[in-house]
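Take a look at the structure below.
The values are calculated or read from the model by the stated rules, or taken from the named source; none is laboratory data. This one's a predicted model, so the numbers in the text were calculated from it and none came from an experiment. In this analysis, Cβ positions are derived from the backbone assuming ideal geometry, glycine residues included, and neighbour counts consider all displayed protein chains. Protein only, heavy atoms only, side chains kept; ligands, DNA and RNA dropped before computing areas. Shrake-Rupley method; radii C 1.70, N 1.55, O 1.52, S 1.80 Å.
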Amino acid sequence: MKWPIILCFLLCSTTIFSQKKEWTKEQIAAADVNRNEERLTDEEKNIFLYMNLARLFPKDYIAIELFEEQKSNKLNTFERSLIQTMKKMKPVGVITFDNSMYELAKCFAEEQGPTGKVGHGRKKCTGGYFAECCDYGFQEGREIVKRLLVDYQVTSLGHRKIVLSPSYSKAGVSIGNHSKHQYVAVLDFI
């Protein structure tokens, strides 16, 4: 009669440990420092939120935001690399909103949108930022940050390095329409 109890324990414990972890209210509060910035859309605020969650809680970011990929064991080399980086990473401070960076990011998103171009080549709105990340095809802040951190097929991992760098503490973020990829997100950092 001991087998059913042991079997139940094994099945129950497997279920408990395989459940997805969630962000706590305290973690969200610590990371969501730009929620009241009126110039940003909700998804632009979410970019700040998820960047800051990754910066403040790197190990939890792996467990929560890469849960499905790890569970299915279908990680690509860039995802595996991100996991290794974040496992070793010490928390760094939050990124806060900067109006001058916002203006540069918005200007570049508006410049690129109608042309359908990608990359960092600006014709106007030049100068003033120290680092820049651009993402194409997505408007959800959570997904944009995940894509920048994974940095799929970007051998330099430049976007990941920028987003996780303790050297940057302020940024401007703008999501705009893009004629070729539907959306462009521009993040300018100082």
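Quick check on Arg147: is it among the basic types (Lys, Arg), without any contact (Cβ under 8 Å) to a residue 12 or more places away in the chain and open to solvent by 40 Å² or more (accessible area, probe 1.4 Å)?
No: the conditions fail for Arg147.
Taking the conditions exactly as written (under 18 Å from Val163 (Cβ atoms), open to solvent by 30 Å² or more (accessible area, probe 1.4 Å) and either in contact with a helix residue (DSSP H, G or I) (Cβ under 8 Å, 6 or more places away or on another chain) or part of a helix (DSSP H, G or I) (or both)), does Ala30 satisfy them or not?
Yes: the conditions hold for Ala30.
Checking Tyr129 against (1) more than 17 Å from Ile95 (Cα to Cα); (2) touching a residue at least 24 places away in the same chain (Cβ under 8 Å); (3) over 14 Å from the mean Cα position of the chain (by Cα); (4) assigned to a loop (DSSP other than H, G, I, E, B), which single condition isn't satisfied?
The failed condition is (1).
Table: residues versus (1) more than 16 Å from the chain's Cα centre (by Cα); (2) in a helix (DSSP H, G or I).
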position	(1), (2)
Arg39	yes, no
Ile47	no, yes
Asp60	no, yes
Glu79	no, yes
Thr85	no, yes
Lys106	yes, yes
Lys117	yes, no
Ile144	no, yes
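Testing Lys180 on (1) surrounded by fewer than 15 Cβ atoms within 10 Å (Cβ to Cβ); (2) under 19 Å from the mean Cα position of the chain (by Cα); (3) basic (Lys, Arg), one condition comes back false. Which one is that?
Among (1) surrounded by fewer than 15 Cβ atoms within 10 Å (Cβ to Cβ); (2) under 19 Å from the mean Cα position of the chain (by Cα); (3) basic (Lys, Arg), the lone unmet condition for Lys180 is (2).
Report yes if Phe189 is surrounded by fewer than 15 Cβ atoms within 10 Å (Cβ to Cβ), more than 21 Å from Thr77 (Cβ to Cβ) and in contact (Cβ under 8 Å) with a residue 40 or more places away in the chain, otherwise no.
Criteria not met by Phe189.
Quick check on region 82-122: of everything there that is among the small types (Gly, Ala, Ser) and open to solvent by 40 Å² or more (accessible area, probe 1.4 Å), which residue is nearest to Asp32 (Cα to Cα)?
That would be Gly93.
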